[in-house]
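Remarks on the structure that follows.
Just so it is clear, none of the values below were taken in a lab; they were calculated from the coordinates. As the structure is a computational prediction, the values presented were derived from the model and not from experiment. Here the Cβ is made from the backbone with ideal geometry for all residues, glycine too, and neighbour counts use every protein chain on show.
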Amino acid sequence: MKKARIALVVGIICISIFPVLVKLSLTPGVISAFYRMAIASAVLLPYVLITKQLKIPSTKILLLGMLCGVVFGLDVAVWNVAIQESTATQASLLTNLSPVWVGIGAFFFLKNKPKKNFWIGTVVAVLGMVTLVGFHFFINLNFDLAFMFGILSGMLYAVYMLVSKFILHEFNVVSFMSISLLASAIALGIISYAIGEPFSGFSNMGWFVLLIQGLVCQLAAWLLISFATKRMRATRVSVSLLAQGILASILAWLFIDETINLQMVIGGLILLLGIRITFYDKEITFKTRLFPSKRRRIACSK
């Protein structure tokens, strides 16, 4: 479990670079998602084949692994488009509602039901996320295409987390990642071609950003997160990934001169508190003893 938590933390750090790269807008949204998956697949798949680590338990697990890849690829593509059509703040807020969908899905479909601590921690974490990005952004959300894409991104991610948690009991991590990445790259390649997005003609910086997305934000990050998902509750992982909002804000401040104010700091602390609550093993209760016990009253009377 300790290794899983370390893997999750490092994975979150790797994935937190992604929003900053997307904000540079050096490539279109869907084609950016395609190259993110294709580059990661081009590195991982040959390694798995050469080392003979590719193990497919059954046709059912294979198909579910491919489904995970398609769903995750669509999630990334939809999230990219949501950022480009609105703001990174609004899109991040809506996408990061995914723990709610994961919790609901886990309640209905997984044997390991979310505990009370998860729901308390999720509410606190979402409140922290809203505080982090600003209540005025939440109040002024426009119910347009970007809004719908932001909500859809969170739902797609929740489906990915739940299905991957189910099949990772049968799949080893590298086999799962190889199958899902290949399926994701193929699906996104077809979609990119169908909607006419360019596969070339980017600047040198654009290609460099795509390379970082593929190797760091996808391959390294999701190998680590998948390792953690296999050994931890899907609900805990999904809530923990909210921390990427804090790290993304810090990185944006360092590299693209975005400001960090006191409200963002407070929101980040609230978010971290929510994550900590989901990891608290003992069930949180709000019962208080209004009256001392009979024995204590007698002792006091003496």
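Going by the alpha-carbon gyration tensor, a ≥ b ≥ c the square roots of its eigenvalues, is segment 1-85 rounded (a/c under 1.5) or, if a/c is not under 1.5, prolate (a/b greater than b/c) versus oblate?
The shape class here is prolate.
Given 0.36 nm per residue, what is the gain on full extension from residue 24 to residue 5 after removing their alpha carbon distance, in nm?
Fully extending the segment from residue 24 to residue 5 adds 3.8 nm.
Of the cross-linked pairs 116/230; 2/230; 60/230; 52/165; 3/230, which ones have a Cα-Cα span greater than 20 Å in the structure shown?
Among 116/230; 2/230; 60/230; 52/165; 3/230, the Cα-Cα distance tops 20 Å for 116/230; 52/165.
Show me the ranking of peptides 161-169, 2-10 by mean Cβ neighbours inside 10 Å, starting with the highest.
161-169, 2-10
Just want the ordering: 153, 41, from fewest to most Cβ atoms lying within 10 Å of their own Cβ.
Result, fewest neighbours first: 41, 153.
Could I have the simple spin-label model distance between residue 115 and residue 148, label points 7 Å from Cα toward Cβ, reported in nm to one decimal?
Rounded to a tenth, the inter-label distance reads 4.0 nm.
Under 14 Å from the 7 Å Cα→Cβ point of residue 205, by amide nitrogen: which residues of segment 9-47?
Counting only backbone N, you get 21-27.
Tell me, 273, 181, 74, 45 in order of fewest to most beta-carbon neighbours within 10 Å?
Sorted ascending by nearby Cβ count, the order is 273, 45, 74, 181.
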